[in-house]
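Below you'll find the structure, written out as C-alpha cells, and then a few comments.
Every read-out reported here was derived from the displayed coordinates using simple, explicitly stated rules and does not represent laboratory data. This is a predicted model, so every value here is computed, not measured. Positions of Cβ are backbone-derived with ideal geometry, glycine not excepted, and every protein chain shown enters the neighbour counts.
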Amino acid sequence: MAKFFLMHKDRRVAVLEVAEKTADILDVEEILAPEHYPIGCRPDVLGLRSWWKGRGIPAGRQGLSAALAVMDVPYAELLLLKCNGLSLTDHYWITPCERPQRWSQVNFFQNDFSEDVGRALFGEQSTALSLDLKSPCCTSDGFLKKRWQIADGQRVLVKGGTAPYFQEPLNECVASAVYEMLGIPHTPYVLAWEDEQPYSVCPCFVTPSTEFVPAAALVECFESDEGVPLWRHFLLCCEKLGIPNAKKDTSQMLAVDFLLANTDRHLKNFGALRDPDTLQWIGMAPVFDSGTSLWKLDRTNFIAKDQYDQCRPFAQHHAQQLALLDAADIACLPWHKLQGLPTLVEKILSQSVYLEPERIEAIAGRVEQNLDHLMSRLFVRPVEP
C-alpha cells in the first residue's frame, strides 16, 4: 500500500491509499480541494474507485490479452499506475506523496510519451529488454484497437475497425464530412492504411487549457426525480451547470446520428469541455466517435430494408430519439449542402477492399432515405435557400 495525491494539474485534490500490486484505491484519506474533485464522482472510496477503474483500458479491448503478455503486465488496471493515471482526455493524475511531481514534468499534452504500449496493443512484438509504459494508451477507452501517437508534434488517435467489413474508420470519414458540410464543431478524421487494414486518424481535441467531461459524469451531478426521462434529466443537468448551448448542440449531433444510423452514441462518447483552472464551462465538446454507423455489421441484404434502427442513449430507436428533439434546433442547419451525400458516401466507402459494390449501394440508398425522412420531419427541403 502507498499514499498518492490525486492531482488536478498541480492542485492537490485528495490523499489516496492505493494497493500497488492491484492498483485498487483502498481509501480516500482526505479531500483537499472538493471543488476540483472529479465531476459526477461520489466523494467516497467506492465512487472514486469506480471513477479510477473507468480510466483504464476495458477488458474487452481487441488484442488486450496478447498486449498484456508482451508488456509483462498481469492485468490492465496496473497500467494506470505505470502512467500515473495520466490521459489526453482530462488533467487528473496521481503522484506519490513521498515524491510528488509537477504537472509540467509528466503531462502527455506537452511531454513526449512512449509508443511501446501502443505497439503492443496493435500486436507488434518488441525485442527490448524492458518497455516504457508511460503512455496515454494506458487510459484509452473503447473496445476497438487503438493507440495514441505523436505525428509532426500533434497528438493523434489511430483506431481500427471490426471484421469482416472493417467499416468504422470509413464511417468516421463520412461523419466528419457531414459535420463539416453542416458547420457542426467536430473532430476531423482521415483514413489511413496499415498492413492492408483501414484506420481512422484524428487529432486530440483536448488541450492544455481544456478538458473533456463525458455526459455520463454530467448526469451524475444532480439526482433525477422519479419518472424524469434521461433526455430531460441531461438537459436539466447542463442547465444547472451552466453549459452553453447544450440542448442545441446535442440535438444537432443526434440528428446526424439519425441520418447515419449511429447505434452507439453512449454517454461516454459525447460531453462538454471546461477550463481545468477556472472550472468554467466552455460548451459541448466537438463531436467525435461516430464509427458505429452506416449499418457497419449488418448483412448487406438486411441494410436495404426500411426499418427502425436501434440507437442510444435517450431512446431505443432513432425515430423515437428524433421525436425528442426541438425541430428549431435542427432546421437552422444548412441541410441543402447534403444534396450529394449519397454519392459522397459511395465515394468514401469505395476506398475499402472489404466492401462490395452492392453493400455500398445499399448503404447510400438508406442514407438517402434517412435524409428524406429527416427533411420531411423538419418541414424543410434540401434545396438552395
Requested in this report: Once you have a ≥ b ≥ c as the square roots of the Cα gyration tensor eigenvalues for the chain, tell me rounded if a/c is under 1.5, and otherwise prolate or oblate according to whether a/b is larger than b/c.
Outcome: oblate
Query - region 79-95 - phi-based ³J(HN,Hα) in whole Hz, Karplus 6.51/-1.76/1.60, Gly and Pro as x - result: 5, 4, 5, 4, 10, 6, x, 6, 9, 9, 9, 9, 10, 8, 6, 10, 8
Query raised in the report: Taking N as the number of residues in region 1-125, what is its Cα Rg relative to 2.2 N^0.38 Å?
Result: 1.07
Query - With at most 12 neighbouring Cβ atoms within 10 Å, loop trypsin sites (Lys or Arg not before Pro) (DSSP) excluded, longest segment of the chain - result: 103-298
Query raised in the report: Between the DSSP loop rule and a limit of at most 13 other Cβ atoms within 10 Å, which chymotrypsin sites (Phe, Trp or Tyr not before Pro) in region 246-345 are left?
Result: Tyr308
Query raised in the report: Dipole size in debye (nearest 20) for region 261-326 around its Cα centre, Lys and Arg Cβ +1, Asp and Glu Cβ -1?
Result: 240 debye
Requested in this report: Would you list which lysines come within 16 Å of Lys268, measuring only between C-alpha atoms, while excluding same-chain residues fewer than 8 positions from it?
Outcome: Lys53
Query raised in the report: Put a dot 7 Å past each Cα toward the Cβ at Glu17 and Ala2; how far apart are the dots in nm?
Result: 1.7 nm
Query - Free-standing Cys, the chain [no other Cys Cβ under 4.7 Å] - result: Cys41, Cys97, Cys137, Cys173, Cys202, Cys204, Cys221, Cys237, Cys238, Cys311, Cys332
Requested in this report: Give the calculated FRET efficiency between Glu124 and Ile150 to the nearest 0.05, with a Förster radius of 25 Å applied to their Cβ-Cβ distance.
Outcome: 0.90
Query raised in the report: What chymotrypsin sites (Phe, Trp or Tyr not before Pro) in region 158-250 are in a loop by DSSP, with at most 16 other Cβ atoms within 10 Å of the Cβ?
Result: Phe222
Report summary line: Farthest towards the positive end of the dipole of region 1-122, among Asn107, Thr89, Leu68 and with Cβ unit charges of +1 on Lys and Arg and -1 on Asp and Glu, lies the Cα of Thr89
**Report entry** Under 5 Å, built H, 5+ apart or other chain: amide partners of Leu6
**Finding:** Val13, Ala14, Val15, Leu16
Report summary line: In order over region 18-25: 3J(HN,Hα) from phi, Karplus 6.51/-1.76/1.60, θ = phi - 60°, whole Hz, x for each Gly or Pro, gives 10, 7, 5, 7, 10, 6, 6, 7
Requested in this report: Only Lys, Arg, Asp and Glu count, each charged at its Cβ (+1, +1, -1, -1), so figure out the dipole size of the chain about its Cα centre, rounded to 20 debye.
Outcome: 80 debye
Query - Selected from Ile363, Gln339, Gln351, residue furthest toward positive end of dipole (region 330-369; charges at beta carbon) - result: Gln339
Query raised in the report: Can you tell which of Ala217, Thr263, Leu279 lies farthest toward the positive end of the dipole of region 211-378, using +1 and -1 charges on the Cβ of basic and acidic side chains (Lys, Arg; Asp, Glu)?
Result: Thr263
Report summary line: Residues whose modelled amide H sits under 5 Å from the amide H of Lys134, counting only those 5 or more places away in sequence or on another chain, are Ser114
Query raised in the report: Can you list the HN-Hα couplings for region 290-298, worked out from phi with the Karplus curve (6.51, -1.76, 1.60; θ = phi - 60°), rounded to whole Hz and with x for Gly and Pro?
Result: 10, x, 7, 10, 6, 6, 4, 10, 6
Query raised in the report: If exposed GluC sites (Glu not before Pro) are those in a DSSP loop with at most 10 other Cβ within 10 Å, what is the longest stretch of the chain that has none?
Result: 227-385
